[in-house]
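**Student:** What follows is a single structure, and I will ask about it in a moment.
The values are calculated or read from the model by the stated rules, or taken from the named source; none is laboratory data. Computed from a predicted model, the values in this text were never measured in an experiment. Here the Cβ positions follow ideal geometry from the backbone for every residue, glycine too, while neighbour counts run over all protein chains shown.
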Ligand SMILES: Cc1ncc(C[n+]2csc(CCOP(=O)(O)OP(=O)(O)O)c2C)c(N)n1
Ligand code: SF4
Ligand SMILES: [Mg+2]
């Protein structure tokens, strides 16, 4: 097993004291260490926000990207080099506000990327405005008036978008979060973990005390089993309905754990491999793109040969 320290950078972690992001960072470092994934085989793409700084603090390849655009950037990385473990760390504003369309599109594609939502219900970096996960009528301390818009439920949106691994965790329950992260990373397909993350600086509603009184683990429910056991549409429908029903619980009791996991849906990489059987051996990152003198290599005959049969079959089907 690699050591947790191998995933730490020597950059000063400048989040506020007691910020829930510390728990998320530690859980990620431990999960990667326990899975023994070398840092150079992992990429973390993050957006803009306090959460966006994660890519500086996790010792893997990192991209601190444009606000809301981490998912398409991560998709490009994964498609160019499908052997990498690709993580996205973003805020609730970054992923469910400005970046929402990309969030939905990733679920639909089921591309093997792990999205970690730092869900603090505020725009932390810009001083505590309401984010898309703050409920209507709520007013955190920097808001002059209560929130006029209602929330989006990240679990319901993820289930409806087609994510094949959907979970919620709590940033201060580091061991549980670590285990969920490990399961998400091992899952072949698009995964999302909505991490409830206290922001002690701006969010005076969703505090550790609030969560302590309400959170319960889905695992503790009798007969809770979120994993689909086979490619049976009836079972899929039943597991999805249960997950949707659980996602509506947000009050005196708030569930955390894995809501839904379906390993039987083909990932986008599997689908691309069907179109191009040489994809894994010849993914874009493996291609030599220039000669020693810098002249670009465009190997049209090889590409044509790879796609010929596929194109003939498609034409036959549509003629
Ligand atoms: C295109 C663009 N619009 C707006 C901003 C301003 N901005 C910076 S961070 C942020 C929101 C951060 O909130 P969230 O994504 O929830 O992250 P947190 O700070 O809470 O971790 C906004 C609106 C920006 N940087 N770029
Ligand atoms: S503002 Fe909130 S989310 Fe940002 S670092 Fe401080 S406590 Fe964390
Ligand atoms: Mg936020």
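**Student:** As an exercise: evaluate residue 225 against (1) over 22 Å from the mean Cα position of the chain (by Cα); (2) loosely packed, with under 14 Cβ neighbours inside 10 Å and give the number of the one condition it does not meet.
**Tutor:** That leaves (1) as the condition not met.
Condition check ((1) in the same structural domain as residue 284 (by TED's automatic domain parsing); (2) free of Cβ contacts under 8 Å to residues at least 40 places away in the same chain; (3) on the phi < 0 side of the Ramachandran plot; (4) within 15 Å of ligand 1 (Cβ to nearest atom)) across all residues:
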residue: 46; (1), (2), (3), (4): no, no, yes, yes
residue: 49; (1), (2), (3), (4): no, no, no, yes
residue: 52; (1), (2), (3), (4): no, no, yes, yes
residue: 70; (1), (2), (3), (4): no, yes, yes, yes
residue: 76; (1), (2), (3), (4): no, yes, yes, no
residue: 86; (1), (2), (3), (4): no, no, yes, no
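**Student:** Shifting gears a bit: Determine if the range 244-256 includes at least one residue that is in a loop (DSSP other than H, G, I, E, B), over 19 Å from residue 107 (Cα atoms) and free of Cβ contacts under 8 Å to residues at least 12 places away in the same chain.
**Tutor:** yes
**Student:** So which residues in the range 172-199 are assigned to a loop (DSSP other than H, G, I, E, B) and either closer than 18 Å to residue 114 by Cβ or within 13 Å of ligand 3 (Cβ to nearest atom) (or both), if there are any at all?
**Tutor:** 187, 188, 189, 190, 197, 198, 199
**Student:** Restricting the search to the range 280-294, which residues are under 11 Å from residue 82 (Cβ atoms) and part of a strand (DSSP E or B)?
**Tutor:** Result: no residue meets the conditions.
**Student:** For residues in the range 200-212 being part of a helix (DSSP H, G or I) and touching a residue at least 12 places away in the same chain (Cβ under 8 Å), which is farthest from ligand 2 (Cβ to nearest atom)?
**Tutor:** Among residues in the range 200-212 that are part of a helix (DSSP H, G or I) and touching a residue at least 12 places away in the same chain (Cβ under 8 Å), the one farthest from ligand 2 (Cβ to nearest atom) is 211.
Yes/no matrix, rows are residues, columns are (1) over 19 Å from residue 169 (Cβ atoms); (2) within 16 Å of ligand 3 (Cβ to nearest atom):
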site	(1), (2)
80	yes, no
89	no, yes
92	no, yes
107	no, no
117	no, yes
128	yes, yes
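**Student:** For the range 19-44, give me the residue count where each residue is within 15 Å of ligand 1 (Cβ to nearest atom) and more than 16 Å from the chain's Cα centre (by Cα).
**Tutor:** 4
**Student:** If residue 271 satisfies all but one of (1) without any contact (Cβ under 8 Å) to a residue 12 or more places away in the chain; (2) touching a strand residue (DSSP E or B) at 6+ places or on another chain (Cβ under 8 Å); (3) surrounded by 12 or more Cβ atoms within 10 Å (Cβ to Cβ), what's the number of the condition it fails?
**Tutor:** Every listed condition holds for residue 271 apart from (2).
**Student:** Which ones in the range 20-42 are closer than 17 Å to residue 2 by Cα and either within 16 Å of ligand 3 (Cβ to nearest atom) or not in a helix (DSSP H, G or I) (or both)?
**Tutor:** 25, 36, 37, 38, 42
**Student:** Give the range 4-38 a look and list any residue that's exposed (fewer than 15 other Cβ atoms within 10 Å of the Cβ) and in contact with a strand residue (DSSP E or B) (Cβ under 9 Å, 6 or more places away or on another chain), or say none.
**Tutor:** Hit for the range 4-38 is 9, nothing else.
**Student:** On to the next question. Can you name the number of the only condition in (1) surrounded by fewer than 19 Cβ atoms within 10 Å (Cβ to Cβ); (2) out of contact with any helix residue (DSSP H, G or I) (no Cβ under 6 Å at 6 or more places or on another chain); (3) closer than 17 Å to residue 44 by Cα that residue 98 fails?
**Tutor:** It is condition (3) that residue 98 fails.
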